[in-house]
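The values are calculated or read from the model by the stated rules, or taken from the named source; none is laboratory data. Keep in mind the model is a prediction, meaning the values are calculated, not measured. For neighbour counting, all protein chains shown are included, and Cβ atoms are generated from backbone atoms with ideal geometry for every residue, glycine included. Ligands, DNA and RNA are excluded from the accessible area calculation, which covers all protein heavy atoms including side chains. Shrake-Rupley method; radii C 1.70, N 1.55, O 1.52, S 1.80 Å.
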Amino acid sequence: MARARFLTPELIVRTALDVSDRGGAETMTMRRIAAELGCDPMALYRHFANREALLDAVADLAVADVAVPDSSMAWDDRVRAIGEAIRDAALRHPGITAHLAARPPVGENGRRIAAGVLGALEAAGLPPATAVQSFQTLVAYLASSLAMAVQAGVRDRRWEQVRDMVNALPVAAAPGEELFVVGSVEQFRFGMRLLLAGIKAEAAAVS
């Protein structure tokens, strides 16, 4: 066991993120984190009610570097930039991505990012209720995309099987060769473009 250090929530969270970066999600046990800190596992519970609470804080730290563009940028470019920055953060910290996707952070960084996205949606001209619902829809898309991004595939045998299935469908305009590689940045950007187009149409309908 490493030499014990003075414990703070910040130190515990940074250590847990480092553990996950090195060993993946399965290494983020209270026992492993405590060993890194040189303390008894029970000491962690003085700062976090349970493992889930700790992982919530780790997920929030993982998105600390996500920048929120200022209002001089077009609203849709702001949303797109934030989405890509969150995806990049997930790829830098794949060990916490599953938790990040399942429980989007509501800590300091999560609130900062949420305010940035909602501010952009407000600038789009959406009514408050529609802006919140659009925000929730974007979060759902990001959550599924993050999981796919860290498991991004290649044009392997499975991709070929899906391509061949699409090509065999009785639809003239269905070229299977145009399928994205699952989890690729190209797939992510295409999905964001569709979502943003829908939000623009929604804003136009209520203006």
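In table form, for the structure just shown:
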{"read-out": "In order through the stretch 146-156: 3J(HN,Hα) via Karplus (6.51 cos²θ - 1.76 cosθ + 1.60), integer Hz, x for Gly, Pro", "value": "5, 4, 6, 5, 6, 10, 3, x, 9, 7, 9"}
{"read-out": "Within the chain, helix-based [θ] at 222 nm, where runs of 4 or more DSSP H residues each add -39,500 (n - 2.57), nearest 500", "value": "-21500 deg cm²/dmol"}
{"read-out": "Share of carbon and sulfur in the accessible heavy-atom surface of the chain [1.4 Å probe, %]", "value": "57 percent"}
{"read-out": "1.4 Å probe accessible area per residue over the chain, in Å²", "value": "55 Å²"}
{"read-out": "Three-way shape call for the stretch 105-155 based on the alpha-carbon gyration tensor, with the a/c threshold at 1.5", "value": "prolate"}
{"read-out": "Pair Thr27, Glu122: separation of 7 Å Cα→Cβ label points (nm)", "value": "4.2 nm"}
{"read-out": "Whole-Å distance, taken between Cα centres, linking the stretch 59-104 and the stretch 169-188", "value": "26 Å"}
{"read-out": "Prolate/oblate/rounded label for the stretch 1-88 (Cα gyration tensor, a/c 1.5)", "value": "prolate"}
{"read-out": "Label-point separation, Ala64 to Arg111 (7 Å along Cα→Cβ), nm", "value": "1.7 nm"}
{"read-out": "Three-way shape label, the stretch 93-195, alpha-carbon gyration tensor, a/c 1.5", "value": "oblate"}
{"read-out": "Residues of the stretch 69-88 with amide N under 12 Å of a point placed 7 Å along Cα→Cβ from Ala152", "value": "87-88"}
{"read-out": "Highest to lowest packing among 113-126, 31-44, scored as the average C-beta count within 10 Å", "value": "113-126, 31-44"}
{"read-out": "Of the chymotrypsin sites (Phe, Trp or Tyr not before Pro) in the stretch 1-69, those whose Cβ has at most 12 other Cβ within 10 Å and which sit in DSSP loop", "value": "Phe6"}
